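Take a look at the structure below.
The values are calculated or read from the model by the stated rules, or taken from the named source; none is laboratory data. Remember, predicted model here, so these are calculated numbers, not experimental data. Counting neighbours? That spans all protein chains shown, and the Cβs are built from the backbone with ideal geometry, glycine included. In case anyone asks, the SASA skips ligands and DNA or RNA and just uses the protein heavy atoms, side chains included. Shrake-Rupley method; radii C 1.70, N 1.55, O 1.52, S 1.80 Å.
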Amino acid sequence: MCTGKCSRFIAVALYPLAVISIICNIVLFFPDGDVTYAKDGHITEEVKYMGGLIGGGVMVLLPALYIHLTGKQGCCGNRCGMFLSIAFAAVGVAGGLYSLIVAALGLQNGPLCKTVLIWTTPFKELTGDSHYLMDKTLWSLCTEPKNIVEFNLGLFGTLLATSCLQVILCAIQMINGLFGCLCGTCNKEAQIA
């Protein structure tokens, strides 16, 4: 496969991953589908870092657009364009890593929820051998919002998976861009007979 085709493949794969990251981050602002938690500031701290919106979203979507252009004939489908795609892919790696770290922290610390009378992050302060990810009985500590632990696990887990794929694809594009810069993009205009 030539470097131009590889760039198009990577860009097309990055588009849905960026959209999924953006959607997951936006949905995390509305636990139980209710806006009152966001209004009252009862949102998990890692959601406010917007790893999915900024990191896995914008910081991956913009490089994906440029990387897609390097796979086409024209101003970006040349050695210089492939060189620039290395820098854009590095931005994508940084965005994916940011999203990955925020999602991992969100999973590690657990959700902000109401326990009896106060809003806290109960799983962050737990000590001992049991961790809320391994012990489902601890989930009942959260009384409000309803099913917040499952909600956060699903969305932060999805962000974690998409950001891993984004980092891998952008790293591959950095290598592909290097080869395209050194060897060319394989984009040849059709020969006129």
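Could you tell me whether the stretch 135-153 includes any residue that is of a type in the set (S, T, N, Q), outside any loop (DSSP other than H, G, I, E, B) and either at pLDDT 90 or above or surrounded by 14 or more Cβ atoms within 10 Å (Cβ to Cβ) (or both)? Steps first, answer last, please.
First, the residues of the stretch 135-153 that are of a type in the set (S, T, N, Q): 137, 140, 143, 147, 152.
After this cut, where a residue has to be outside any loop (DSSP other than H, G, I, E, B) as well, the list is 137, 140, 152.
Add one more test, that the residue is either at pLDDT 90 or above or surrounded by 14 or more Cβ atoms within 10 Å (Cβ to Cβ) (or both), and what stays is 152.
Yes, the stretch 135-153 has at least one match.
Evaluated against (1) open to solvent by 30 Å² or more (accessible area, probe 1.4 Å); (2) out of contact with any helix residue (DSSP H, G or I) (no Cβ under 6 Å at 6 or more places or on another chain), F123 falls short on exactly one condition, (1). Taking the criterion of being farther than 23 Å from Y15 by Cα and buried (at least 17 other Cβ atoms within 10 Å of the Cβ), would at least one residue in the stretch 80-103 satisfy it? Checking the stretch 80-103: not a single residue is farther than 23 Å from Y15 by Cα and buried (at least 17 other Cβ atoms within 10 Å of the Cβ).
Between G56, G33, the distinction of being in contact (Cβ under 8 Å) with a residue 60 or more places away in the chain and of a type outside the set (S, T, N, Q) belongs to G56 only.
Of the residues making up the stretch 16-50, those that are of a type in the set (S, T, Y), within 13 Å of the chain's Cα centre (by Cα) and open to solvent by 20 Å² or more (accessible area, probe 1.4 Å) number 1.
Looking only at residues of the stretch 104-127 that are assigned to a strand (DSSP E or B) and of a type outside the set (S, T, N, Q), we find that the one that is farthest from G56 (Cα to Cα) is I118.
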